[in-house]
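What follows is one structure encoded as structure tokens, with my remarks underneath.
The values are calculated or read from the model by the stated rules, or taken from the named source; none is laboratory data. The model shown is predicted, which means the values in this text are computed figures rather than measured ones. Because the Cβ atoms are built from the backbone with ideal geometry, glycine has one as well, and the counts that use them run over all protein chains shown. Protein only, heavy atoms only, side chains kept; ligands, DNA and RNA dropped before computing areas. Shrake-Rupley method; radii C 1.70, N 1.55, O 1.52, S 1.80 Å.
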Amino acid sequence: MDISIPYYEDRTRISNSNIGWFLNKGPAFLHKMLTDPPPEEKNPVLERGTMIHMFLLQPEEFQKTYVVWDKSRPTSAQQEKFCQELANTVEIEPNRAILSAYKEAYSTAGKSEDKMLSEGLKIASTLKDYIDFLKENDGRIMISPWDAQMLDKIKQNVQNHKLAWNLIWSKELSAWHEFHINWTYYVKMADGVECKSLLDGLTLDFKNKKAIIYDLKTTQKLWHFEDSIEQYDYLRQLCYYYQAVVWYLRYELKEDWNKWSFEFYIIGIDTTGSNEIRVFKIDQFDVYSRKDVILNAMQDIAWHQSTDKWDHSREYYEGDGSESLNL
């Protein structure tokens with residue numbers, strides 16, 4: 001199994017998220033995202049979820065990616081621009097560098113150079129540590145002490161939960177975090193669709209032939225999590241992971257996957273303040289119920305890939321132009 005291309009950089013393979021795009025936004029949107037995606041917009045909710053995932057599942061990677069920052073930071077876009085300009089300046093003379101950065105970041109109308117320099121020196125003094133950090137080109141993402149406290153609280157709550165910590169940090173079984181599988185979904189009309197999956201957690205019990213698949217979910221609806229399962233189709237995601245693991249057992253480990261049993265869990269993490277933890281065991285038949293949805297999507301995606309027709313649905317191209325609704 002070749003996983004030399006990082007998961008998020010590989011746009012040649014289909015992920016569960018891609019299936020969601022295809023089902024909800026159509027083939028043209030999927031093709032656009034796979035061939036010429038727009039710049040990714042920052043989403044604070046997703047960024048926080050990524051941070052929590054990495055803190056729990058990849059602590060060493062977390063240390064390389066984030067830094068707790070308890071010093072002064074810019075409080076406006078102009079201050080941020082000023083700091084960036086000053087950190088990247090090639091001007092040797094300090095006052096000239098500050099003056100140049102100020103002119104790039106702030107309105108100069110009606111201000112003398114002495115006034116601009118005075119204001120610039122004050123900002124540079126207040127944000128000296130931040131500017132020095134930028135100059136070092138450290139690359140890590142700054143998080144606040146409040147974020148660090150939240151992460152520690154979440155970890156403590158996971159450790160105190162009688163099941164969550166054992167799922168994540170099983171010491172007795174073969175367990176992986178952020179487990180990357182590149183695999184093939186075989187459909188009748190084509191050799192197969194090349195796929196990729198990145199599982200939060202996979203545990204394989206070779207003695208008892210049992211696979212445990214779990215996923216971490218940050219949520220504001222921990223006590224109404226059924227809403228999130230339906231809204232984001234987490235059952236389809238788990239089913240997609242199940243099919244990836246079956247492929248992995250069969251083709252990589254040369255196991256008779258029919259002899260294996262599967263368990264599915266979602267570890268819910270509250271992000272509204274209490275950071276409570278709940279572990280939901282998902283019935284395997286509920287997971288398997290999404291097989292047909294994946295199959296139908298894959299057959300259509302395979303058709304679009306083979307014909308290179310993406311502007312409309314497969315039904316549009318093969319029929320009279322009308323399309324049916326799933327009522």
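Taken over segment 151-164, residues that are part of a helix (DSSP H, G or I), touching a strand residue (DSSP E or B) at 6+ places or on another chain (Cβ under 9 Å) and open to solvent by less than 90 Å² (accessible area, probe 1.4 Å) amount to 5. Among the residues of segment 251-272, those identified as part of a helix (DSSP H, G or I) and closer than 13 Å to A211 by Cα are W257, N258, K259.
Only residues that are buried (at least 16 other Cβ atoms within 10 Å of the Cβ) and either modelled with pLDDT under 95 or among the polar types (S, T, N, Q) (or both): list them for segment 75-86, please. Of everything in segment 75-86, those that are buried (at least 16 other Cβ atoms within 10 Å of the Cβ) and either modelled with pLDDT under 95 or among the polar types (S, T, N, Q) (or both) turn out to be Q79, Q84.
As a summary of the residue check, D311 satisfies the conditions (1) surrounded by fewer than 18 Cβ atoms within 10 Å (Cβ to Cβ); (2) in a helix (DSSP H, G or I) except for the one numbered (2).
Of the residues making up segment 45-64, those that are touching a residue at least 24 places away in the same chain (Cβ under 8 Å), open to solvent by less than 80 Å² (accessible area, probe 1.4 Å) and either in a helix (DSSP H, G or I) or in contact with a Ser or Thr (Cβ under 7 Å, 6 or more places away or on another chain) (or both) are R48, G49, M51, I52, H53, F55, L56, L57.
Which residues, taken from segment 1-37, are of a type in the set (G, A, S) and under 18 Å from V245 (Cα atoms)?
Selection gives S15, S17.
Here C195 passes the criteria (1) open to solvent by 10 Å² or more (accessible area, probe 1.4 Å); (2) under 20 Å from the mean Cα position of the chain (by Cα); (3) over 26 Å from R278 (Cβ atoms); (4) not β-branched (V, I, T) except the one numbered (1).
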